Amino acid sequence: MWKEKYKIGVGLIDEQHKELFKRVSDFLNIVKSKEDWDVKLDKVKETMDFMKEYVVVHFDAEEAYQAKINYPDMEIHKEAHAQFKDVVNDYVQVFQHEGFDEEKIQEFGAKLMTWLIMHVCKMDQKIGEYVKEKGGQA
């Protein structure tokens, strides 16, 4: 699912984005597979745990970089990150209280991929553009 056009030119952030795309892609593939439900369920739980932890690590790194370069849209970006964390946490709560319904799992996977593509292609690209405009290297 990763495409070179998603690169923003900041090594650490690009590597983290690649990992996010890989995990979400793997998740979607397992959900669509003919695997036994128990296998799928293990992958769903693994992805939930990963997303809860990794998005915090990634968002912290991205926000620290934005602070370092005095990125003007940092607060808007932080708000988008906070909203996504809320989405992930909402699904965690749903799965904990209502169980792992296959339809909800597919919905969750679609939301993950849609958000990731939209955020990286729109908001994160602006970070790289800002650095290039300032004559620096991202």
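The values are calculated or read from the model by the stated rules, or taken from the named source; none is laboratory data. Note that the structure is a prediction, hence the values are computed from the model and not measured. Virtual Cβ from ideal backbone geometry, glycine too; neighbours counted across all protein chains shown. The area values use the complete protein model at the heavy-atom level, side chains included, leaving out ligands, DNA and RNA. Shrake-Rupley method; radii C 1.70, N 1.55, O 1.52, S 1.80 Å.
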Problem set entry | From phi via Karplus (6.51, -1.76, 1.60), per-residue ³J(HN,Hα) for segment 55-62 in Hz, x at Gly/Pro | 5, 5, 4, 5, 4, 4, 5, 5
Seminar exercise, completed: The aspartates and glutamates whose Cα lies under 18 Å from the Cα of residue 3, excluding any fewer than 8 residues away in the same chain, are 14, 15, 19, 26, 124, 129
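Counting pairs of alpha carbon atoms under 8 Å apart in space and at least six apart in sequence, what relative contact order in percent does the chain give? Intermediate values should be presented prior to the final figure.
Working: 75 pairs, mean separation 56.1, N = 138.
About 41 percent, as a whole number.
If you put +1 on each Lys and Arg Cβ and -1 on each Asp and Glu Cβ, how big is the dipole of the chain around its Cα centre, in Debye rounded to 20?
Details: 21 positive and 28 negative charges, 123 e Å.
That gives a dipole near 600 debye.
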Exercise. Where is the GNM fluctuation largest for the chain (alpha-carbon springs, 10 angstrom cutoff): 32, 22, 126?
Worked result: 32
Seminar exercise, completed: Taking a ≥ b ≥ c as the square roots of the eigenvalues of the Cα gyration tensor, with a/c under 1.5 meaning rounded and otherwise prolate when a/b exceeds b/c and oblate if not, segment 1-55 is oblate
Problem set entry | Proximal charge balance of residue 4 [Cβ under 13 Å; K/R count +1, D/E count -1] | +3
Seminar exercise, completed: Cross-link reach from residue 78 to lysines, straight Cα distance under 22 Å and at least 8 residues apart if same chain, gives 7, 18, 52, 68, 111, 122, 126, 132, 134
Seminar exercise, completed: accessible surface per residue for segment 31-138, probe 1.4 Å, DNA/RNA/ligands not counted, whole Å² -> 59 Å²
Exercise. For segment 31-95, which whole-number percentage of the solvent-accessible area (1.4 Å probe, protein heavy atoms only) is attributable to carbon and sulfur atoms?
Worked result: 51 percent
Exercise. Once the Cα atoms of the chain are picked out, what are the Rg and Dmax in Å?
Worked result: 16.1, 53
Exercise. From the backbone phi of segment 72-79, what are the Karplus-calculated ³J(HN,Hα) couplings (6.51 cos²θ - 1.76 cosθ + 1.60, θ = phi - 60°) in whole Hz, Gly and Pro given as x?
Worked result: x, 9, 4, 5, 5, 5, 4, 5
Seminar exercise, completed: For residue 73, other-chain or 5+-apart residues with amide H closer than 5 Å (H placed, Pro excluded) are none
Exercise. With charges only on Cβ, +1 for K and R and -1 for D and E, what is the dipole size of segment 1-42 about its Cα centre, in debye, rounded to 20?
Worked result: 300 debye
Exercise. Among residues other than residue 92 whose Cβ falls under 15 Å from its Cβ, what is the net charge (Lys/Arg +1, Asp/Glu -1)?
Worked result: -3
Problem set entry | Solvent-accessible area of residue 130 with every protein chain in place, 1.4 Å probe, in Å² to the nearest 10 | 40 Å²
Problem set entry | Pairwise centroid distance, computed over Cα atoms, of segment 23-73 with segment 95-111, Å | 15 Å
Problem set entry | Where labels lie 7 Å past Cα in the beta-carbon direction, separation of residue 133 and residue 50 in nm | 3.5 nm
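Could you work out the local net charge near residue 37, counting Lys and Arg as +1, Asp and Glu as -1, over the other residues with Cβ closer than 12 Å to its Cβ? Present the calculation step by step, with values, prior to reporting the outcome.
Details: positive: 34, 40, 43; negative: 35, 36, 38, 42, 101, 102.
Once all neighbours under 12 Å are counted, the net charge is -3.
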Seminar exercise, completed: Of the residues 94, 67, 84, the Cα lying farthest along the dipole of segment 1-103 towards its positive end, which is defined by charges on the beta carbon of Lys, Arg, Asp and Glu, belongs to 67
Seminar exercise, completed: Under the Karplus relation with 6.51, -1.76 and 1.60 and θ = phi - 60°, whole-Hz ³J(HN,Hα) for segment 117-123, x at Gly and Pro, equal 4, 4, 5, 5, 6, 9, 6
